[in-house]
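Accompanying notes for the structure given below.
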Amino acid sequence: MKKLFTGNIPTKLMALVMAVALWFYAINRHTGDLTATVSLTVTVPEGITIVEQSTGEITIHLQGPQNVIDTIDGMIKDRKISARYALKESPDVIEDQLKQSIFIRREHLDLPPSVKLLSVYPDKIDVVLGKLQRKKLKVVLQKKGEPAIGYSVANEFIFPGEVEVTGPLNALKEASSINTVPIDIGGISGEQNRTFPWRIGIDQKVTVKRGDKTISVPVVCDEDVRIWLQIMEQQDTRVFGKIKIKIIGPPEYPYLIKLQDEFADVKVKGPKLLLDKLNADDIILYIDVTSLKPPGPYKQPVKSILPKNIELMDKLPEVHLDIRETLRSVEVR
């Protein structure tokens, strides 16, 4: 048995060397490369927030066994591999803002031991840290879309009108208001007046000026608000020209009436949908001559009969008229 293990040692050593060489050859032949983009998450201690971050993604170049590289490629596409960096600064060292640069290393990526991290781009990420504070901000309703044709938002009411927000000290010093999440008012009409109030959340950012730029800064607000909207038909005006003035009097009125102006222009207001369907035949202008007797002339106000919900915009004119007796009325006397 001893001879089995100790005999022909040079030949056995040569076989071992060749086996190792073949293994390295096989490994090198089946080595793969991968360049991919992964998300970068930077975490901070309580009391601190990230005001700005130069990038939220990095590009990594990996090398390793082909089968492992293929697995990692699939995990990256499924967003199962990302970069994570934890900052450990204390809020006490930040008076207002603090700018830092961080470098992503292998320990910030969850990679198998058999894979090499050849490079990271960008190799430096800048972050601006801000100290957190709380502040009450006015709530501004953010809307999208347009009401149904012929309708508009006449009034809006939000309760509560202010909410408490937690955010960077530097940003909240300048902020006075915060938006709600956008609400879709597309196509709503007066029927929606019965469905209010709506409960909606607060947008988790404030907008502040930085020089000539406007930036959005993340904040936290755990409150929501209730909103009421008053949806009304849009009001419009319309002018109808040369509407004939009618003469109204008692039956068998015995006198002749002659108007100096037989037509008048009318400006009306009302719901736009109703005005769009209105025509001149729907408007009646008249003069009541019941109490008039010869001789004239008279100056009488023009009166109107309008469809429901339609009103006059301007005062109607006064019209000069002549009144004469007919032959019949003379004979009767």
Q | Residue that is farthest from the chain's Cα centre (by Cα) [pool: residues in region 242-254 that are at pLDDT 90 or above and open to solvent by 90 Å² or more (accessible area, probe 1.4 Å)] | A | 246
Q.
Take the residues in region 38-61 that are open to solvent by less than 20 Å² (accessible area, probe 1.4 Å) and in contact with a Ser or Thr (Cβ under 9 Å, 6 or more places away or on another chain); name whichever of them is modelled with the lowest pLDDT.
A. 48
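Enumerate the strands (runs of 3 or more DSSP E) found wholly within region 68-150, keeping only those where 3 or more residues are among the charged types (D, E, K, R).
Details: elements: 83-86, 97-102, 116-121, 125-140.
Fully inside region 68-150 and qualifying: 125-140.
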Q: Select from region 166-206 the residues that are under 23 Å from residue 94 (Cα atoms) and touching a helix residue (DSSP H, G or I) at 6+ places or on another chain (Cβ under 9 Å) and list them in ascending order.
A: 166, 206
Q) For region 113-134, how many residues are in contact with a helix residue (DSSP H, G or I) (Cβ under 6 Å, 6 or more places away or on another chain), open to solvent by 40 Å² or more (accessible area, probe 1.4 Å) and not hydrophobic (A, V, I, L, M, F, W, C)? A) 3
Q: Working only within region 77-135, note down all residues that are more than 27 Å from residue 205 (Cα to Cα) and among the aromatic types (Phe, Trp, Tyr).
A: 103, 121
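Please verify whether residue 239 is assigned to a strand (DSSP E or B), buried (at least 16 other Cβ atoms within 10 Å of the Cβ) and under 43 Å from the mean Cα position of the chain (by Cα), treating the condition exactly as stated.
Answer is no for this residue.
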Q: Output the qualifying pairs, or none if there are none: Cβ atoms under 9 angstrom, residues six or more apart or on different chains, first residue in region 187-206 and under 20 Å from residue 140 (Cα atoms) and in contact (Cβ under 8 Å) with a residue 40 or more places away in the chain, second residue polar (S, T, N, Q) and buried (at least 18 other Cβ atoms within 10 Å of the Cβ).
A: 202/180; 203/180
Q | Only listed residue being modelled with pLDDT of 95 or more, aliphatic (A, V, I, L, M) and part of a strand (DSSP E or B), chosen from 227, 257, 231 | A | 227
Q: For region 97-109, indicate whether the set of residues that are under 25 Å from residue 163 (Cβ atoms) and open to solvent by less than 70 Å² (accessible area, probe 1.4 Å) is non-empty.
A: no
**Q.** In region 179-193, the residues that are assigned to a helix (DSSP H, G or I) and either touching a Phe, Trp or Tyr at 6+ places or on another chain (Cβ under 7 Å) or among the aliphatic types (A, V, I, L, M) (or both)
**A.** 190
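Mind checking which residues of region 260-299 are more than 20 Å from residue 309 (Cα to Cα), part of a strand (DSSP E or B) and open to solvent by less than 80 Å² (accessible area, probe 1.4 Å)?
Hits for region 260-299 are 264, 287, 288, 298.
The values are calculated or read from the model by the stated rules, or taken from the named source; none is laboratory data. Remember, predicted model here, so these are calculated numbers, not experimental data. Here the Cβ is made from the backbone with ideal geometry for all residues, glycine too, and neighbour counts use every protein chain on show. Ligands, DNA and RNA are excluded from the accessible area calculation, which covers all protein heavy atoms including side chains. Shrake-Rupley method; radii C 1.70, N 1.55, O 1.52, S 1.80 Å.
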